[in-house]
Amino acid sequence: MARCSLMNPLLQDAAARAIRYLDTLDSRPVAPSASAVAALRGFDEPMPAEPSDPLETLRRLDELGSPATTAMAGPRFFGFVIGGTLPVTLAANWLAGAWDQNTGLYRPTPGTAHLEQVALRWLLDVLRLPAESGGAFVTGATVANLTALAAARHVVLKRAGWDVEADGLFGAPPITVVIGAEAHPSLTKALGILGLGRNRVVKVPVDAQGRLRVDLLPPIAGPTIVCAQAGNVNTGAFDPIAEICRRAHAAGGWVHVDGAFGLWAAAAPSRAHLTNGMDQADSWATDAHKWLNVPYDCGLAFVRDAHALKAAMAITAEYLPTESEQRNPADFTPELSRRARGVEVWAALRSLGRGGLAALIEGNCAHARRFGQRLAAAGFEILNDVVLNQVLVSFGDAERTKRVINAIQEDGTCWAGITVWQGRTAMRISVSGWATTGADVERSVDAIVRCSAQA
């Protein structure tokens, strides 16, 4: 009773404040005001010497923190390839937080560990990946790439007679890593952490849409990992993965796919053709906090050879209850202590179903095409083929484009970011949120045209 008397008022107040925050997302400017950011100095106080009222702490957090947030959960944030949070996934996240399950081992946390098994099975099905693949819930695409590439490193060195987990990389046969010239930095970061190097990779030129030029792949021999991309972060374009797999596998290489958001195209009937050949790869990385619209943080790594993933990740200790006929999540992830990320993924997939997930992705892609059509009709240059949910817009030279983007961000109707792609400065529009509607697109386009005229 004492615990409930302390918890209930605080949780009820938190829920009320969160609901009020979400209710304002459609009407408030997407970016926080300068005064709200300046007010954050109110947090800059000495650490209290004595305990204080938790309700007062929560009030201060809300009153100072909420106004200084960007409305990323709202319908008109297009700055990064991230969605909002589906209502059911936020609710499931709150419930899982109350459960407070350290989901590393099945025996002490059977409920959340079992949910992750179900969610992984559903994910492999809806993403059209081999059913026998192993999977891991991690923080995001950087760690998903790292996890899958650790399995790749294990396999290619094992084939060369080297046990990398036991003996490390000192004296190991060298591994050739091949990537496209427009690979995402999270991939190269993962390669660096794994000791495979950020700069020693072989970079293959790309075409006008950022796709790896398969005709320029170098000869493959010895331990080799080829990294392909599903969804260029600027254009949304897909590497020719089927042909990459054919060439790499013929020479004994491993193919890894960085599909942080593009992998989800497999779930949308009109976009699934973009993923042709994806199932022929050996490993894949993606994010659920992008197109599945679950709360941060939630990345996913998949490896066709589940035993290789386990060999690269599993550990044990005398005090850990690792003996189980069921899957221990920690055997497949870098972390032992971790939250139950699979709960909200399961909730999203069960709530949406195949049809709802397809409609979410199809709708976002249609909105991106509408952005491209309307902005082109307004006289702006669209730099990419809008094949997925990415739109690159130029407003003229680099300086003018920068001015227009700054004006759009300050206007507050919507928020889109700046990029430089193949030498051109552009505004990048990423449509990934479940709450975005056609009306949001029209309202945003009107604001962009207005801001351009004033910049």
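The values are calculated or read from the model by the stated rules, or taken from the named source; none is laboratory data. It should be emphasised that the depicted structure is a prediction, and the values quoted were computed from it without experimental measurement. Here the Cβ is made from the backbone with ideal geometry for all residues, glycine too, and neighbour counts use every protein chain on show.
Tell me, which helices (runs of 4 or more DSSP H) wholly within the range 135-244 include 3 or more residues that are touching a strand residue (DSSP E or B) at 6+ places or on another chain (Cβ under 6 Å)?
141-159
Got at least one residue in the range 176-198 being touching a Phe, Trp or Tyr at 6+ places or on another chain (Cβ under 7 Å) and among the small types (Gly, Ala, Ser)?
No; the residues of the range 176-198 include none that is touching a Phe, Trp or Tyr at 6+ places or on another chain (Cβ under 7 Å) and among the small types (Gly, Ala, Ser).
For the range 293-310, indicate whether the set of residues that are among the aliphatic types (A, V, I, L, M), part of a helix (DSSP H, G or I) and either crowded, with 24+ Cβ neighbours inside 10 Å or in contact with a helix residue (DSSP H, G or I) (Cβ under 7 Å, 6 or more places away or on another chain) (or both) is non-empty.
Looking through the range 293-310, at least one residue is among the aliphatic types (A, V, I, L, M), part of a helix (DSSP H, G or I) and either crowded, with 24+ Cβ neighbours inside 10 Å or in contact with a helix residue (DSSP H, G or I) (Cβ under 7 Å, 6 or more places away or on another chain) (or both).
GLY97 versus (1) in a loop (DSSP other than H, G, I, E, B); (2) surrounded by 13 or more Cβ atoms within 10 Å (Cβ to Cβ); (3) not polar (S, T, N, Q): which is the lone unmet condition?
Unmet for GLY97, out of (1) in a loop (DSSP other than H, G, I, E, B); (2) surrounded by 13 or more Cβ atoms within 10 Å (Cβ to Cβ); (3) not polar (S, T, N, Q): (1).
Within the range 58-79, take every residue that is assigned to a loop (DSSP other than H, G, I, E, B) and surrounded by fewer than 16 Cβ atoms within 10 Å (Cβ to Cβ) and give me the one that is farthest from the chain's Cα centre (by Cα).
THR69
Give ARG28, ARG20 a once-over and let me know the one that is among the basic types (Lys, Arg) and either assigned to a loop (DSSP other than H, G, I, E, B) or in contact with a strand residue (DSSP E or B) (Cβ under 6 Å, 6 or more places away or on another chain) (or both).
Only one candidate passes the filter, namely ARG28.
The rows are residues; the columns are (1) over 22 Å from ALA148 (Cβ atoms); (2) more than 24 Å from the chain's Cα centre (by Cα); (3) at pLDDT below 95.
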| residue | (1), (2), (3) |
| --- | --- |
| PRO321 | yes, yes, yes |
| LEU336 | no, no, yes |
| GLY342 | no, no, no |
| SER351 | yes, no, no |
| GLY355 | yes, no, no |
| LEU360 | yes, no, no |
| LEU375 | yes, yes, no |
| ILE382 | yes, yes, no |
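Between GLY363, GLY433, GLY372, which is closer than 30 Å to LEU115 by Cα, among the small types (Gly, Ala, Ser), outside the structural domain of TRP122 (by TED's automatic domain parsing) and assigned to a helix (DSSP H, G or I)?
Of GLY363, GLY433, GLY372, the one residue that is closer than 30 Å to LEU115 by Cα, among the small types (Gly, Ala, Ser), outside the structural domain of TRP122 (by TED's automatic domain parsing) and assigned to a helix (DSSP H, G or I) is GLY363.
Please tell me if GLY299 is of a type outside the set (D, E, K, R) and at positive phi.
The answer is no for GLY299.
Quick one: count up the residues across the range 420-432 that are surrounded by 16 or more Cβ atoms within 10 Å (Cβ to Cβ), β-branched (Val, Ile, Thr) and over 16 Å from LYS290 (Cα atoms).
Residues flagged as surrounded by 16 or more Cβ atoms within 10 Å (Cβ to Cβ), β-branched (Val, Ile, Thr) and over 16 Å from LYS290 (Cα atoms) within the range 420-432 amount to 1.
Can ASP239 be described as assigned by TED's automatic domain parsing to the domain that holds GLY140, surrounded by fewer than 22 Cβ atoms within 10 Å (Cβ to Cβ), over 24 Å from ASP297 (Cβ atoms) and in contact with a Lys or Arg (Cβ under 9 Å, 6 or more places away or on another chain)?
When the stated conditions are applied, ASP239 does not pass them.
Across the range 257-281, what is the total count of residues that are more than 20 Å from ARG211 (Cβ to Cβ) and either part of a loop (DSSP other than H, G, I, E, B) or out of contact with any helix residue (DSSP H, G or I) (no Cβ under 9 Å at 6 or more places or on another chain) (or both)?
Going through the range 257-281 one residue at a time, the tally reaches 1.
Go through the range 404-416 and give me each residue that's on the phi < 0 side of the Ramachandran plot and crowded, with 16+ Cβ neighbours inside 10 Å.
VAL404, ILE405, ALA407, ILE408, GLN409, ASP411, THR413, CYS414, TRP415, ALA416
Please tell me if ALA265 is small (Gly, Ala, Ser) and crowded, with 18+ Cβ neighbours inside 10 Å.
Against the criterion (small (Gly, Ala, Ser) and crowded, with 18+ Cβ neighbours inside 10 Å), ALA265 qualifies.
Find all pairs meeting these conditions: Cβ atoms under 8 angstrom apart; at least six residues apart or on different chains; first residue within the range 358-386 and in contact (Cβ under 8 Å) with a residue 24 or more places away in the chain; second residue basic (Lys, Arg) and outside any strand (DSSP E or B).
Pairs found: ILE361/ARG271; GLU362/ARG271; CYS365/ARG271; VAL386/ARG369.
Just checking, does the range 126-141 include any residue being aromatic (Phe, Trp, Tyr) and in contact (Cβ under 8 Å) with a residue 12 or more places away in the chain?
yes
Residue under question is ALA39, and the condition is that it be assigned to a helix (DSSP H, G or I), surrounded by fewer than 17 Cβ atoms within 10 Å (Cβ to Cβ) and either out of contact with any Gly (no Cβ under 7 Å at 6 or more places or on another chain) or on the phi > 0 side of the Ramachandran plot (or both); does it hold?
Here the answer is yes, as ALA39 does meet what is asked.
Looking at the range 343-383, which of its residues are of a type in the set (S, T, N, Q) and within 27 Å of TYR296 (Cβ to Cβ)?
Scanning the range 343-383 gives SER351, ASN364.
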